[in-house]
Each structure stands twice: as C-alpha cells, then as structure tokens.
Amino acid sequence: MELTFERDDLLYSLQVLQGVASGRSTLPILSNVLIQAADGRIECVATDLEIGIKIKVEGAIQEDGAITVSARKLADIVKELPGDKKIHLATTANDRVEITCGDGVYKIIGLPDEEFPQLPSVDGESLTIDGELLRAVLRKTEFAASTEDVRYFLNGLYFNFLTERTEVVATDSRWLALAYCDAFNAPGNVDGFILPLKAVKEIARTFADASSVTVSVFENQILFADENATLTTRLVEGDYPKYDKLIPESTTGRAVVSKDNILHAARRVSLLSNPKNHSISLEIETEQITIFSKTPELGEAHETVSLQSCTANARIAIDARLLIDILAHIETELVAIEFTGEFSPVLIRPIGDETHLCLVMPMRLES
C-alpha cells in the first residue's frame, strides 16, 4: 500500500477515530486504526466491538492495500508534522508502516488487516435526519443521561417515535432533559430505541459538519451515515422508564430570568455550598431570586438576580451542579423557572425554544 495525504486531512480523520480506538482493551488490535485503500477510495476504521466508525480520507492512492497501526501513535506523529508538506505513507515488509514528510522518516510496527474485526452491516429501513437537528437534540439532552452502571437502561438517550412528534430524552431520576421535533417515520417500524451515551458523543464528533444523516436500525444495531462516514453501535437493551410521569402537567408559579445572570450567580454562590451535596436554595419573590449557600466549615454566600416577571413566591433547594449544567445547555437569553412548592419538580424552559424542556428534582431545605 502506498498513499499520499495532506496533513490536516489525515489528522482530522484520526482525531475522529481516537475516541473509539483509544479505549482500554485486552485485544491489541482494537487500539489500532485500519487504513485501507481500494477502488479509488481511502478509508480509516476504528472499533471497540461496541461502536465502529468508518471515515473517508482525502488522499492519493499509488498502490491499493490495507494495514492497521496504533491509532494514538499515528495521530501523535501526524499532529507534529508540518502542515505545509505532504505525508507519504507506505507499507513495507513484516507489517511495517513507513511515514515520510519532508526530511523526516518514521517507521511504525503494525498488524495485518486480516485480524481487524469487520464492522456489522445494518440493512434495515432507514430515515434521513437533518444534521443540525440531530446535533441539536443530542446537545440538549445528553448531559442528563446516567453514567452509573446500576440502571444500565438510563446510560443513553431514548428516542421515542410518537405519532405527533419524536422525543429525545435523558434522565437519571434526579433530573431530566427532553428535546422534541416533528415526527419521523420510525426506522424498521420500531417505537423507540436507547442510544448508548458513548455513541452519542462519537456521533456529534463524526457528523459535526454533516448536512443530513441517514439512520438505519436492525435488531440491536443502529447505523448512522453520511457521504463521508458511517458509525454503527449496539443499542442499549431494556425498557426505558415512563419519563412523562415525572413531568408535572401544571405548576403554580413561573419566574422569567436572564439565563446568563442566574447561571453566573449560581456558579459563584455554589463555591461555598456543602461539598457533600452541593445544595443551594432559591428564594423566589415578585421581582428577584436570591440564591443562598451556607456551609459551617466554609462560610456562606448569597446573591440576588432580578426577574423579568414572576407569578408566585417559593423557596426551593437544588443541587447546584444540576442547575448549572442545565443552564449551560440552554441556548436562549431568557429562561422560565416553573415551580409549585419545595417538594415538587422544577421545570426550566428556554424562552423562545418550545422544543426543549429540563426538569430537576428539589432537595430537602436546610432549616
């Protein structure tokens, strides 16, 4: 095999693949990236047996072939090479790869491509999603997914294909993030699926610039593809909880506030919150919210934020980390905080974006 690349084209592809190839594995081949050239097309592939990514790389083919090399080591070398010189990559005897750029020559020990696992094929029915829409629903929800192994079915995003709309939701029971859009024709006639959290992060990276993405589902596998890349992953098996039961049908109070003002105030006040539970309290009054924190070992803080409008008073305790993370993922200038009392879920809605809703469960108020 003999190939020539522009440095930035090869580096971009390797950086996309590193999140999959760099994971710990007992199989050394899974730390490698497969480079293959055939039929006028160069592709790089990485897999950890759960997620697989194949990405097209722009380059010139002098001789077809395939080889696998350490994804991390190759990326480290390419990253340090000068951007104004072409990279020449060729295989030599005994599965060696020789990289030449300018006056530098680098030789890496590889492994034969025959040992590299093949990516599964997904031949089910497909749907096409606007690329920005896909990235938006992932961005608005993924932060609320559980990262604990106890309830594995919460370790991902649930795509719920309803008649009137499609909902994407993440929750770990302490908080919830929901995004929705126009109804899709469910691929493979499924009612919904749970997309694993690791795959969510790789999808955002792999299809960062895609104008549209095709989605296919077959049994426990799902495939995302555009003209340059494909990503396959196993779906999370299990029944997602009835998340709609967590969302109150109505609330008694609603306060509208600048997202940036309350976000920055919450960050500052939380610096003196109890490190065991990170609790802060929100005292909501007609014209302002006062944010409190008090820890005997650290001290106390309070800060007042003006409201645009408010319909009721309340005092609520919230985990500052959850509130801050929710506000950081809202993209509008104003948010509405909807509440009923100190024991009821708090809803946070972006003003001007009717397709996004977040919920956080309150904590016990300190006396």
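Specify which of the listed residues (210, 199, 229) is out of contact with any strand residue (DSSP E or B) (no Cβ under 6 Å at 6 or more places or on another chain) and either among the hydrophobic types (A, V, I, L, M, F, W, C) or buried (at least 18 other Cβ atoms within 10 Å of the Cβ) (or both). I'd like the intermediate steps shown before the answer.
Numbers: 199 fails: out of contact with any strand residue (DSSP E or B) (no Cβ under 6 Å at 6 or more places or on another chain); 229 fails: out of contact with any strand residue (DSSP E or B) (no Cβ under 6 Å at 6 or more places or on another chain).
The conditions single out 210.
Determine if the range 294-302 includes at least one residue that is among the acidic types (Asp, Glu) and more than 17 Å from residue 323 (Cα to Cα). Break it down stepwise before answering.
Kept after step one, since they are among the acidic types (Asp, Glu), are these residues of the range 294-302: 297, 300.
Still in the running and more than 17 Å from residue 323 (Cα to Cα): 297, 300.
Yes, there is a match, as at least one residue in the range 294-302 is among the acidic types (Asp, Glu) and more than 17 Å from residue 323 (Cα to Cα).
Cβ-Cβ below 9 Å, separation at least six or inter-chain, first residue in the range 253-276 and touching a residue at least 60 places away in the same chain (Cβ under 8 Å), second buried (at least 18 other Cβ atoms within 10 Å of the Cβ) and among the small types (Gly, Ala, Ser): which pairs?
Partner pairs satisfying both residue conditions: 253/314; 255/314; 266/320.
Checking the conditions here, which among 257, 305 is buried (at least 16 other Cβ atoms within 10 Å of the Cβ), of a type outside the set (Asp, Glu), within 22 Å of residue 144 (Cβ to Cβ) and touching a Ser or Thr at 6+ places or on another chain (Cβ under 9 Å)?
Details: 305 fails: within 22 Å of residue 144 (Cβ to Cβ).
Going through 257, 305 in turn, the sole match is 257.
Here are 41, 72: which of them is within 28 Å of residue 235 (Cα to Cα) and basic (Lys, Arg)?
Numbers: 41 fails: within 28 Å of residue 235 (Cα to Cα).
Exactly one of 41, 72 is within 28 Å of residue 235 (Cα to Cα) and basic (Lys, Arg), namely 72.
Does residue 294 satisfy the criteria of being within 30 Å of the chain's Cα centre (by Cα), over 30 Å from residue 55 (Cβ atoms) and not aliphatic (A, V, I, L, M)? Full working, then the answer.
Working: within 30 Å of the chain's Cα centre (by Cα): no; over 30 Å from residue 55 (Cβ atoms): yes; not aliphatic (A, V, I, L, M): yes.
Taking the combined requirement at face value, the residue does not satisfy it.
Tell me yes or no: at least one residue of the range 50-71 is in a helix (DSSP H, G or I) and in contact (Cβ under 8 Å) with a residue 40 or more places away in the chain. Please lay out each step first, then the result.
Applying the first criterion (in a helix (DSSP H, G or I)) to the range 50-71 yields 71.
Narrowing further to those that are in contact (Cβ under 8 Å) with a residue 40 or more places away in the chain: 71.
Among the residues of the range 50-71, at least one is in a helix (DSSP H, G or I) and in contact (Cβ under 8 Å) with a residue 40 or more places away in the chain, which makes the answer yes.
Residue by residue through the range 53-85, note down the ones that are among the charged types (D, E, K, R), touching a Ser or Thr at 6+ places or on another chain (Cβ under 8 Å) and modelled with pLDDT under 95.
Correct list: 72 only.
The values are calculated or read from the model by the stated rules, or taken from the named source; none is laboratory data. Model, not experiment: these values are computed from the prediction. As a convention, Cβ positions derive from the backbone with ideal geometry for all residues, glycine included, and neighbour counts pool all protein chains shown.
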